[in-house]
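Each reported figure results from applying straightforward, stated rules to the coordinates on display, with no laboratory input. Owing to the predicted nature of the structure, the values given are computational and were not obtained by experimental measurement. As a convention, Cβ positions derive from the backbone with ideal geometry for all residues, glycine included, and neighbour counts pool all protein chains shown.
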Ligand code: IPT
């Protein structure tokens, strides 16, 4: 006989799935400290623990809810209680592969199994009770007072049993298997975290209670009429219950349809009407949001208006408790999202804790709710035996969908059901789709992975390039392989939903604005969901007491590991926003503000309301004008109230006339909102007036001579050079060294590509970009000038950059002109099949370690890259050098600033770099090579020198760890380049 945990059946003995609710029926939480014992095989501790007399005092204690792999307890081998983190017994992270041999539905005898035991006093005076588990990973069998109630799989889904309680002490026993047949359906890219990780509760079931209910609340945008029908069921089928919504004057019966004028629900205007559904035995809270979501003429509409999701994918994660989240943490996610102008969430890749959806209803987020289903790892079997294609698995797949839909059907925020993530193709999707069409025809259905899209109301892809997305928007995408003409034609008529885009792993993603511009340019595209919201890292401390963030590669002695792919969020594991979230907030801004400043210093602002439905009555506007970062004027700005989609042009009362002015208009919340205080900036725009190009003095220099080298120091204005090497050694009062022509950066996660695909970092390593040697061929100088000519190249290879640096005294300092050319057979090498480009083209200086403060004028205050800078303003900023570093948990290139006009560095003396016209800079206390070598932040130590990179250009950050290669326009082209910079 097969063991139940290796059965393709979803469970046994459970009650029918039904709606989550708040009701006046009593509840008793069984959360708390339980007794726990881990065993190495599926047999657990045997049957003894079921006995009432069993003495469990020698067992471990385990909080419920929690994942046992994250809590301290006695290891299988014995010894003192400790956490399993970092060992193969602890949390394991895989991306696509299964952590067990692919032999469905078997998982093998080695199956860590936790026996849980709780003795509790039963409630008094209840008619009947239900025992509910909100989530157990991955399979649980349950006994009450020695009697088996049943078992269940489906980790992120609730299950319930009738619970024959008795007065006084009751004994609840739960056996939880780490691996089960359900594991084959749960191959989401995340940590494998077993345990009773969501709430356990007793629910009173009053006689004449409401077993289940379904709120149908439609909204007709043309008339403003809401249509309400609440269906109700008791244990024996449909029942008659009272529907009371006092605010709407509704006093109706279940099953009855009533209509009235209402305000619609939307993410921007989350209007909820509170009511009660009542039988003699029970009163259930109703939170009704009227809205209609539909696909019409290939466009997704909500309440009659096109819906474009400003979305993110959200996993549940906490750096200490894994997927056990408290309400405050869920609320924090919602607040942070709303503050960053995010209006939609895909619950990748499973139903979240039900409280999260309640918050989405209340605060306003559109939700694409995904069923707990992913069979990604069948890719390693060529999709042979993929569960959606195997009839034996059909009940299990349907069970998961039923439990998703039945639990969450009453949430207005849930607007789309997603049947699965990355689960190949199979007939069962048709069955699932059929169930949805019948049970809940009011919500469109998504499934991304089947190229025929026959069971989906959306055409959808992950990680297309900008060009591919644009072609899709124009409905000109190529026909995919393996689909029929009819399927292709149907698909072309569907709206396009970008289910995942922009890979926020490490320092990334780039191109958020580019994607958003394409998404909003075409009706067909109903928005997208960034991958993803949060890094999945665990808090950890190394042997030396340094805190670090544990990722998939930190599990020692275990394969396969998904490695650092566990860290790809817009917020770090502790929910600190990354620079990527700053950029996204601007891309998703609900108002578009563009400013034009003409030559006479007159400025106008065009404000366009790009919200879905809300007007701008909640917003106040203000303006500021700055010249070289100094405020010249500011004030509030009267902008008429704009309906969604409307625009206005207003003139700005600038003080006249301004030279090189930056004019900023901000839109901020006029009053406190539920999700942000008054004054929170939701959108801004900037305009720049053109200044005069800086004048430059040209001294005629003699042509480059051969081999002249001076001894000792050579002065040019306030600068002094080593006559032999031509290197700058003194500037004003400070001693420094350099510049070296620098082509290298510490690769970002995205530079590493995915596998061998788009792995530009290994091309850089092969081309020796990190070990360039600088040779000086010639130094010549005269009155007020010095010129150095040289060649920068790695050992081994024939390719090089030849350059000339010419210095002239100018003003208080020196003007440097650089002329650099790529020479040699950059392609005639063993790696010629790869496209080679360089990460940066610029100059590296070594400054005294005593430098510590910076001021600059350019983009800021956070880090910026050429493909991720529109979320940062142009202005004057100040920081310490230490605060310029973004603490990515895996060290990599960070802290760049594009479009810098000038930079002042202070500490051990002062230095100023002025762009002609602009440059990129980074400043750090370690080198790029140190940054590349470090695997944890604590390994980055002060080298005693401050390293300043002044780049003509650094390449963008992109999304290549999963997405397309970096678009060409964000690369650093390998071509002859001339640029200038002034140092003083
Ligand atoms: C895609 C997955 O759906 C998501 O869970 C995550 O793994 C992401 O990739 C990468 O971080 S699937 C991939 C094959 C594009």
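Size descriptors for the chain: radius of gyration and Dmax over Cα atoms are 31.6, 103 Å.
Relative contact order of the chain, taken over Cα pairs closer than 8 Å and 6 or more residues apart, is 9 percent.
Once the piece of chain linking residue 647 and residue 853 is laid out straight, how much longer is it, given 0.36 nm per residue of separation minus the C-alpha distance between them?
69.9 nm
FRET efficiency for the pair residue 260 and residue 295, taken as 1/(1 + (r/R0)^6) with r the Cβ-Cβ distance and R0 = 22 Å, rounds to 0.25.
Applying 0.36 nm per residue to the separation of residue 427 and residue 547 and subtracting their alpha-carbon distance, the gain on full extension is 38.3 nm.
Taking each residue as 0.36 nm, the span from residue 103 to residue 688 lengthens on full extension beyond its C-alpha to C-alpha distance by 204.3 nm.
What percent do you get for the relative contact order of region 300-585 when only Cα pairs under 8 Å and 6+ apart count?
Working: 533 pairs, mean separation 55.1, N = 286.
Averaging sequence separation for qualifying contacts and normalising by length gives 19 percent for region 300-585.
In this simple spin-label approximation, residue 628 and residue 392 carry label points 7 Å from Cα along the Cα→Cβ vector, and these lie 7.8 nm apart. For region 798-816 versus region 248-315, the spacing of their alpha-carbon centroids is 66 Å.
Express in whole angstrom the spacing between the alpha-carbon centres of region 561-610 and region 49-121. First find each Cα centre; the distance between them is then 43 Å. Arranged from fewest to most other beta-carbon atoms within 10 Å of their beta carbon, 982, 546 become 546, 982. Which part of region 930-948 falls in the paramagnetic zone of residue 771, meaning amide N under 19 Å from the point 7 Å along Cα-to-beta-carbon? Only 930-934 fall inside the zone, counting backbone N under 19 Å.
For a test of the definition: using alpha carbon positions, the gyration tensor, and the 1.5 limit on a/c, classify region 871-959 as rounded, prolate or oblate.
oblate
In region 302-367, Cα pairs under 8 Å separated by at least six residues give a relative contact order of 38 percent.
If R0 is taken as 35 Å, the Cβ-Cβ distance between residue 465 and residue 671 corresponds to a FRET efficiency of 0.25. Counting DSSP beta bridges in the chain, what percent are antiparallel, to the nearest 5? Of those bridges, close to 90 percent are antiparallel. Note on residue 796/residue 124: beta-carbon distance plugged into 1/(1 + (r/R0)^6) with R0 of 51 Å gives a FRET efficiency of 0.05.
Taking other C-beta atoms within 10 Å as the exposure proxy, 315, 897 rank 315, 897 from fewest upward. The angle between the Cα long axis of helix 394-408 and the main principal axis of the chain comes to about 80°, on a 0 to 90 degree scale. Counting only Cα atoms, the size of region 456-604 along its three principal axes is 61, 57, 21 Å, in decreasing order.
Classify region 590-689 as rounded, prolate or oblate from the Cα gyration tensor: take a ≥ b ≥ c as the square roots of its eigenvalues, call it rounded if a/c is under 1.5, otherwise prolate when a/b beats b/c and oblate if not. Prolate, since a/c reaches 1.5 and a/b exceeds b/c. Relative to the dominant Cα principal axis of the chain, helix 428-439 is inclined by about 70°. Distance from a point 7 Å along Cα→Cβ of residue 975 to each backbone N in region 783-814: keep the residues under 20 Å and list them by number. Residues 800-804 qualify, since their backbone N sits under 20 Å from the label point.
As a proxy for reagent exposure, ranking 153, 519 by other Cβ atoms within 10 Å from fewest up yields 519, 153. State whether region 300-585 is rounded, prolate or oblate according to the following rule on the C-alpha gyration tensor (a ≥ b ≥ c being the square roots of its eigenvalues): a/c under 1.5 gives rounded; otherwise a/b larger than b/c gives prolate, and the remaining case gives oblate. In terms of gyration-tensor shape, rounded. Dividing the summed helix terms, -39500 (n - 2.57) for each DSSP H run of n ≥ 4, by the number of residues in the chain produces a 222 nm estimate of -3000 deg cm²/dmol to the nearest 500. Inter-part distance, region 624-638 to region 142-160, computed on C-alpha centroids, equals 64 Å. Sorting the segments 548-557, 80-89, 418-427 by their residues' average number of neighbouring beta-carbon atoms within 10 angstrom, most packed first, yields 418-427, 548-557, 80-89.
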